[in-house]
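Colleague: Quick one: structure below, then a few questions.
The values are calculated or read from the model by the stated rules, or taken from the named source; none is laboratory data. This one's a predicted model, so the numbers in the text were calculated from it and none came from an experiment. All Cβ positions, even for glycine, are placed from backbone atoms using ideal geometry, and neighbour counts span all protein chains on display.
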Amino acid sequence: MLRGPNGSGKTTLLRTIAGLVPLTHGRRVPPTSVLYIGHRPMLLRGLSARANLAFFSAFRGRPADPTDALRRWGLSALASVPVERLSAGQRKRAALARVETETEAVVLLDEPFADLDTDGVVLLRAAIMSALAREQAVLLATHFHEELDRDARQLLVLDAGAVRSL
């Protein structure tokens with residue numbers, strides 16, 4: 001887990017690892033298969049949650065049926081509704097369901113608890129534990145949630161541009 005105050009660079013670091021931010025110097029060897037889920041859902045607003053998840057998995061060359069993932073995230077009844085008509089929490093759940101349909105080697109989660117209610121937090125924790133059980137590496141960035149420390153295999157703190165291990 002990566003923790004740090006607002007503005008410390010957590011999002012920039014995750015986006016850099018994912019290969020979404022150009023480097024000004026040095027070099028990066030990004031993991032071969034990365035799923036980055038930012039603090040914004042990054043879904044195609046005119047498509048439904050089902051169509052979004054099917055699109056993203058097909059784009060990766062591994063089409064998947066998102067029905068079970070959407071059911072686990074409590075979105076079965078809303079699976080065909082355009083994402084733009086969902087609440088912020090429902091959009092967040094749809095985005096996080098990608099962890100189940102795109103089982104990439106590395107999962108980068110930026111402030112994944114934002115916009116989630118208590119049930120959503122429980123679902124997210126279960127999804128993270130399932131990803132770890134599938135031997136996926138999960139890097140979660142947050143500025144709070146110290147209660148997650150006990151589940152973290154490694155705890156990093158980013159502050160003043162430096163990463164240190166706790």
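Colleague: Would you mind finding the one in ASP115, ASP119 that is at positive phi, surrounded by fewer than 22 Cβ atoms within 10 Å (Cβ to Cβ), free of Cβ contacts under 8 Å to residues at least 60 places away in the same chain and of a type in the set (Asp, Glu)?
Modeller: On the way: ASP119 fails: at positive phi.
None of the other options fit; the residue is ASP115.
Colleague: Among the residues of region 84-118, how many are more than 19 Å from PRO63 (Cβ to Cβ) and hydroxyl-bearing (Ser, Thr, Tyr)?
Modeller: Summing the residues that are more than 19 Å from PRO63 (Cβ to Cβ) and hydroxyl-bearing (Ser, Thr, Tyr) in region 84-118 gives 2.
Colleague: Please give the number of the condition GLU84 fails out of (1) closer than 23 Å to ILE128 by Cβ; (2) of a type in the set (Asp, Glu); (3) touching a Lys or Arg at 6+ places or on another chain (Cβ under 8 Å).
Modeller: Failed condition: (1).
Colleague: Still on this structure, I have one more. Output the residue which, of all residues in region 41-54 that are surrounded by fewer than 15 Cβ atoms within 10 Å (Cβ to Cβ) and out of contact with any Pro (no Cβ under 9 Å at 6 or more places or on another chain), is modelled with the lowest pLDDT. Please lay out each step first, then the result.
Modeller: Let us first name the residues in region 41-54 that are surrounded by fewer than 15 Cβ atoms within 10 Å (Cβ to Cβ), namely 42, 44-46.
Right, trim to out of contact with any Pro (no Cβ under 9 Å at 6 or more places or on another chain) and you get 42, 44.
On the way: MET42: 91, LEU44: 95.
This residue is MET42.
Colleague: When region 60-92 is examined, which residues are found to be hydrophobic (A, V, I, L, M, F, W, C), within 18 Å of VAL122 (Cβ to Cβ), in contact with an Asp or Glu (Cβ under 9 Å, 6 or more places away or on another chain) and not in a helix (DSSP H, G or I)?
Modeller: TRP73
Colleague: So if I check each of ALA127, ALA95, which one is crowded, with 18+ Cβ neighbours inside 10 Å, touching a strand residue (DSSP E or B) at 6+ places or on another chain (Cβ under 6 Å) and part of a helix (DSSP H, G or I)?
Modeller: Numbers: ALA127 fails: touching a strand residue (DSSP E or B) at 6+ places or on another chain (Cβ under 6 Å).
Result of the check over ALA127, ALA95: ALA95.
Colleague: Can I ask one more? Those residues that are at pLDDT below 75, under 19 Å from MET129 (Cβ atoms) and in contact with a Lys or Arg (Cβ under 9 Å, 6 or more places away or on another chain), I need them from region 141-151; list them, please.
Modeller: Selection gives HIS145, GLU146, LEU148, ASP149, ASP151.
Colleague: Here's another thing I want to ask about it. Sort out which residues of region 22-55 are aliphatic (A, V, I, L, M), over 17 Å from the mean Cα position of the chain (by Cα) and closer than 30 Å to GLY7 by Cβ, and write them in order of number. If you could, list the steps in order and put the result at the bottom.
Modeller: If we filter region 22-55 for residues that are aliphatic (A, V, I, L, M), which is where we start, we get 23, 29, 34-35, 37, 42-44, 47, 49, 51, 53-54.
With over 17 Å from the mean Cα position of the chain (by Cα) added as a condition, the list becomes 23, 29, 47, 51.
Answer for region 22-55, where residues must be aliphatic (A, V, I, L, M), over 17 Å from the mean Cα position of the chain (by Cα) and closer than 30 Å to GLY7 by Cβ: LEU23, VAL29.
Colleague: Right, here's the next one. Evaluate region 22-31: report whether one residue or more is in contact (Cβ under 8 Å) with a residue 40 or more places away in the chain and touching a strand residue (DSSP E or B) at 6+ places or on another chain (Cβ under 6 Å). Give the steps one after another, and end with the answer.
Modeller: Start the filter on region 22-31 by keeping residues that are in contact (Cβ under 8 Å) with a residue 40 or more places away in the chain, which leaves 31.
With the extra rule that they be touching a strand residue (DSSP E or B) at 6+ places or on another chain (Cβ under 6 Å), the set shrinks to 31.
Checked against the condition, which is being in contact (Cβ under 8 Å) with a residue 40 or more places away in the chain and touching a strand residue (DSSP E or B) at 6+ places or on another chain (Cβ under 6 Å), region 22-31 yields at least one hit.
Colleague: Now for a different question. Please verify whether region 12-29 includes one or more residues that are part of a loop (DSSP other than H, G, I, E, B), at negative phi and modelled with pLDDT of 95 or more.
Modeller: So in region 12-29, the residues part of a loop (DSSP other than H, G, I, E, B) come out as 18-29.
Now drop any that are not at negative phi, which leaves 18, 20-25, 27-29.
From what's left, modelled with pLDDT of 95 or more: none.
No, there is no match, as no residue in region 12-29 is part of a loop (DSSP other than H, G, I, E, B), at negative phi and modelled with pLDDT of 95 or more.
Colleague: Can you pull out the residues in region 55-73 that are small (Gly, Ala, Ser) and surrounded by fewer than 16 Cβ atoms within 10 Å (Cβ to Cβ)?
Modeller: Step one: filter region 55-73 for residues small (Gly, Ala, Ser), giving 57-58, 61, 64, 69.
ALA58, GLY61, listed by residue number.
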